[in-house]
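Working notes, beginning with the structure itself.
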């Protein structure tokens, strides 16, 4: 009987990276000539660069595509992935990439994905007061602040924002498109709070919420506040 | 080896120069060797408050640029012989200060003094950042008023990010000096009270200087308030703050000019 290894959990995470996107144009031969001209001018142009090709505007057969890849690799352009291709069209030679925005749009509807974005590794814990003029940006997860946020300070988070002190500054939760993001604070004296772009300023915050512990969330397009016990 | 202290605030007109002169004189009177350095290049004031404006030959810029030696530029106070002034230039602008030059001058001052007190210009620009950059700790001067408190908060953020200490990952100590405080008006809610300010700024309190006409009088006479009338309320408050800087535990009292009647005990230990 073959030895059965216990299934060990392994770690992986999502990440955003910069890549150069090449968009070939028809006729491909002319486009390749342009690439050659570029390489003649600056031979190291593609050296050590991560390159993605975008073939969304081209209708390529599998053979055309493989030829294109060969042409590029002959020019020492290393292709990391392809964008705009139908996964079933090509064999697994090159990974098919999906655009960041598309994933993000999906995440709003998919709670499973939403919860994975707020994994502890991407969130931010701040234990000192956030001073006027300071900007805290957390592009992946939640922000937790175990101190106060001063007037003139700004917190921007992809996820929710938790403040265990007085909030006197501005908080933008779900700032990269997350309607499920929330804002919690122990004492509300904010200049502005916003979730997914829907904001209210100090003037619009009802008086009985001022200086109270609150949470804020989005109800459709309306930003709602309730007191916490 | 001197302790280098920056007196800063962000906002102008809250009493940085008065504080620099008053703390410097109070420390010197206690036998400490003190130099006060004016970083407000282009708008020098400290020489006036110290009463040395007619004896300025060389200034900080000359020393930074190597045009004069430190010993030529240091002006000894006529009243206390352990108190020195390094004046700012009125004719140059703040771009004449180089970071390396300032670092060298502070380094040269350290071995000869117990205290180097840097009077920061208002604002958060180059002059202010150079004044705080090489300091060991900071006295943040704040008036009990919202805009001053917010600017002080901004300055505290800068102290925690752009100073040498912060860049080396060390904590930058900061103390709050609340100036122009009027306990009666604060009690009536006409100005922020001590607790409001401490709640926002979250740094230890070095002292509370009461609002007093003595301050203006002293600066017009070209004398630090702690020397001009040592028995006056602001002078006693500054002297107490200076003793706290030296590590003494002095109960925090807000002195008033009509002493026994209105003296208020705050029951709080200062920094």
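The values are calculated or read from the model by the stated rules, or taken from the named source; none is laboratory data. All values reported here derive from a predicted model rather than from experimental measurement. Note: ideal-geometry Cβ built from the backbone for every residue, glycine included; neighbour counts use all protein chains shown.
Identify the residue in segment A:125-154 that is more than 14 Å from chain B (Cβ to nearest Cβ) and buried (at least 18 other Cβ atoms within 10 Å of the Cβ) and, among all such residues, is farthest from residue A:214 (Cα to Cα).
Among those residues, the one meeting the criterion is A:140.
Going through segment A:169-189 one residue at a time, which ones are within 14 Å of chain B (Cβ to nearest Cβ) and crowded, with 24+ Cβ neighbours inside 10 Å?
A:169, the sole residue that qualifies.
Hey, can you tell me all the residues within segment B:207-226 that are within 22 Å of residue B:85 (Cβ to Cβ) and crowded, with 23+ Cβ neighbours inside 10 Å?
B:209, B:215, B:218, B:224, B:225, B:226
Being surrounded by 20 or more Cβ atoms within 10 Å (Cβ to Cβ) and either away from every other protein chain (no Cβ under 14 Å) or within 19 Å of the chain's Cα centre (by Cα) (or both) is the filter here; which residues of segment B:187-202 pass it?
Passing the criteria: B:191, B:197, B:201.
Taking segment A:156-201, which residues are over 15 Å from residue A:215 (Cβ atoms), assigned to a strand (DSSP E or B) and within 18 Å of the chain's Cα centre (by Cα)?
A:156, A:172 - these are the residues of segment A:156-201 that are over 15 Å from residue A:215 (Cβ atoms), assigned to a strand (DSSP E or B) and within 18 Å of the chain's Cα centre (by Cα).
Going by what's in this entry, would residue B:160 be described as over 17 Å from the mean Cα position of the chain (by Cα) and more than 27 Å from residue B:224 (Cβ to Cβ)?
It is true that residue B:160 is over 17 Å from the mean Cα position of the chain (by Cα) and more than 27 Å from residue B:224 (Cβ to Cβ).
Output yes when any residue across segment B:172-181 is surrounded by fewer than 20 Cβ atoms within 10 Å (Cβ to Cβ) and farther than 16 Å from residue B:8 by Cβ, and no when none is.
Scanning segment B:172-181 turns up no residue that is surrounded by fewer than 20 Cβ atoms within 10 Å (Cβ to Cβ) and farther than 16 Å from residue B:8 by Cβ.
So, residue B:148, is that one assigned to a helix (DSSP H, G or I) and crowded, with 22+ Cβ neighbours inside 10 Å or not?
Answer is yes for this residue.
Look at segment B:97-129 and say how many of its residues are closer than 21 Å to residue B:18 by Cβ and not in a loop (DSSP other than H, G, I, E, B).
Within segment B:97-129, residues that are closer than 21 Å to residue B:18 by Cβ and not in a loop (DSSP other than H, G, I, E, B) number 7.
If only one of A:21, A:52 is in contact (Cβ under 8 Å) with a residue 60 or more places away in the chain, closer than 17 Å to residue A:96 by Cα and either not in a loop (DSSP other than H, G, I, E, B) or not assigned by TED's automatic domain parsing to the domain that holds residue A:93 (or both), which one is it?
The match here is A:21.
Let's see how each residue does on (1) within 14 Å of chain A (Cβ to nearest Cβ); (2) touching a helix residue (DSSP H, G or I) at 6+ places or on another chain (Cβ under 7 Å); (3) at negative phi:
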position: B:84; (1), (2), (3): no, no, yes
position: B:87; (1), (2), (3): no, yes, yes
position: B:98; (1), (2), (3): no, yes, yes
position: B:111; (1), (2), (3): no, no, yes
position: B:124; (1), (2), (3): yes, yes, yes
position: B:147; (1), (2), (3): yes, no, yes
position: B:156; (1), (2), (3): yes, yes, yes
position: B:162; (1), (2), (3): yes, yes, yes
position: B:176; (1), (2), (3): yes, yes, yes
